[in-house]
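Asks: Take this structure, written in structure tokens, and hold onto it; I'll ask about it next.
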Amino acid sequence: MEKIPMTGEGFSRLSGELKQLKSVERPAVIQAIAEAREHGDLSENAEYHAARERQSFIEGRLAELEDILSRAEVIDPSTLSGDVVRFGATVMLADEDTDEESTYQIVGSHEGDISQGKLSLTSPLARALIGKTIGDTVEVSTPGGGKSYEIVKVDYL
């Protein structure tokens with residue numbers, strides 16, 4: 001079984017989602033199915049079919065979350081240090097064309113959210129950054145063409 005690297009924050013978020021699905025969503029959909037059954041003929045009961053579809057989604061997501069969390073390897077970035085980019089690093093990059101700076105934290109694949117500066121470990125940019133040090137230049141292919149970034153700063157917060 002392959003371990004899934006994850007920050008403590010990501011583990012907590014997924015655990016919270018699992019708890020919400022088990023304690024709130026699942027009982028609510030079971031209640032909705034029971035109420036829809038009381039309306040009679042199930043073959044033409046849209047409420048019943050919608051509730052069953054929602055139940056199917058919830059059960060699938062529960063199984064997925066339980067699998068992810070059982071294989072999670074929580075890594076605390078604050079215990080790491082150095083100038084080499086690794087999982088958990090917060091990296092400041094300078095676009096070599098525009099000199100625009102941006103900062104990203106490299107996180108697990110289930111935590112990635114570019115709008116919050118969380119860069120998935122499996123993204124092309126994160127894969128290019130891993131193993132590099134301050135001052136190195138990385139080339140990344142993007143849908144808009146190739147981009148070059150210089151690593152300005154590496155922190156483990």
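The values are calculated or read from the model by the stated rules, or taken from the named source; none is laboratory data. This is a predicted model, so every value here is computed, not measured. No Cβ is skipped: glycine too gets one built from the backbone with ideal geometry, and neighbour counts run over all protein chains shown.
Let's see how each residue does on (1) in the same structural domain as Ser23 (by TED's automatic domain parsing); (2) in contact with a Phe, Trp or Tyr (Cβ under 9 Å, 6 or more places away or on another chain); (3) crowded, with 16+ Cβ neighbours inside 10 Å:
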| site | (1), (2), (3) |
| --- | --- |
| Tyr48 | yes, no, yes |
| Gly88 | no, yes, yes |
| Lys118 | no, yes, yes |
| Ala126 | no, yes, yes |
| Lys132 | no, no, yes |
| Ser141 | no, no, no |
| Gly144 | no, no, no |
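Asks: Could I ask something else about it? From the set of residues in region 19-76 that are under 30 Å from Leu121 (Cα atoms), among the charged types (D, E, K, R) and not in a helix (DSSP H, G or I), which is nearest to the chain's Cα centre (by Cα)?
Replies: If we take residues in region 19-76 being under 30 Å from Leu121 (Cα atoms), among the charged types (D, E, K, R) and not in a helix (DSSP H, G or I), then Glu73 is nearest to the chain's Cα centre (by Cα).
Asks: I'd like the full set of residues that are in a strand (DSSP E or B), of a type outside the set (Val, Ile, Thr) and touching an Asp or Glu at 6+ places or on another chain (Cβ under 8 Å), limited to region 82-127. Even if it seems obvious, please write down each step before you answer.
Replies: At the first step, the residues of region 82-127 found to be in a strand (DSSP E or B) are 84, 90-95, 101-107, 113, 118-120.
This time we only want the ones that are of a type outside the set (Val, Ile, Thr), so: 92-95, 101-102, 104-105, 113, 118-120.
Residues satisfying the conditions are Met92, Leu93, Ala94, Asp95, Glu101, Ser102, Lys118, Ser120.
Asks: Continuing with the same structure: Taking the stated definitions as given, is Asp41 outside the structural domain of Gly108 (by TED's automatic domain parsing) and surrounded by fewer than 11 Cβ atoms within 10 Å (Cβ to Cβ)? Break it down stepwise before answering.
Replies: Values: outside the structural domain of Gly108 (by TED's automatic domain parsing): yes; surrounded by fewer than 11 Cβ atoms within 10 Å (Cβ to Cβ): yes.
Here the answer is yes, as Asp41 does meet what is asked.
Asks: Being more than 18 Å from Gly112 (Cβ to Cβ) and in contact with an Asp or Glu (Cβ under 9 Å, 6 or more places away or on another chain) is the filter here; which residues of region 1-20 pass it?
Replies: Answer for region 1-20, where residues must be more than 18 Å from Gly112 (Cβ to Cβ) and in contact with an Asp or Glu (Cβ under 9 Å, 6 or more places away or on another chain): just Leu18.
Asks: Specify which of the listed residues (Val107, Val85, Val154, Val140) is farther than 30 Å from Ser15 by Cβ and among the β-branched types (Val, Ile, Thr). So that I can check it myself, show each step before the final result.
Replies: Numbers: Val107 fails: farther than 30 Å from Ser15 by Cβ; Val85 fails: farther than 30 Å from Ser15 by Cβ; Val154 fails: farther than 30 Å from Ser15 by Cβ.
Every option except Val140 fails the conditions.
Asks: May I ask you to say which residue of Ile4, Ile58, Ile75 is hydrophobic (A, V, I, L, M, F, W, C) and farther than 30 Å from Lys153 by Cα?
Replies: On the way: Ile4 fails: farther than 30 Å from Lys153 by Cα; Ile75 fails: farther than 30 Å from Lys153 by Cα.
Testing whether each residue is hydrophobic (A, V, I, L, M, F, W, C) and farther than 30 Å from Lys153 by Cα leaves just Ile58.
Asks: Exactly one condition in (1) at pLDDT below 95; (2) surrounded by 13 or more Cβ atoms within 10 Å (Cβ to Cβ); (3) out of contact with any helix residue (DSSP H, G or I) (no Cβ under 7 Å at 6 or more places or on another chain) is false for Thr79; which is it?
Replies: It fails just one condition, (2).
Asks: Starting from residues that are within 16 Å of the chain's Cα centre (by Cα) and among the acidic types (Asp, Glu), keep the ones in region 106-157 and report whichever is farthest from Pro77 (Cα to Cα).
Replies: The first filter runs over region 106-157 and keeps only residues within 16 Å of the chain's Cα centre (by Cα), leaving 106-127.
Okay, now just the ones that are also among the acidic types (Asp, Glu), so 111, 113.
On the way: Glu111: 14, Asp113: 17 Å.
Among them, the one singled out is Asp113.
Asks: Moving to a separate point now. For region 103-115, state whether one or more residues are touching a residue at least 24 places away in the same chain (Cβ under 8 Å), buried (at least 19 other Cβ atoms within 10 Å of the Cβ) and of a type in the set (Val, Ile, Thr).
Replies: Within region 103-115, one or more residues are touching a residue at least 24 places away in the same chain (Cβ under 8 Å), buried (at least 19 other Cβ atoms within 10 Å of the Cβ) and of a type in the set (Val, Ile, Thr).
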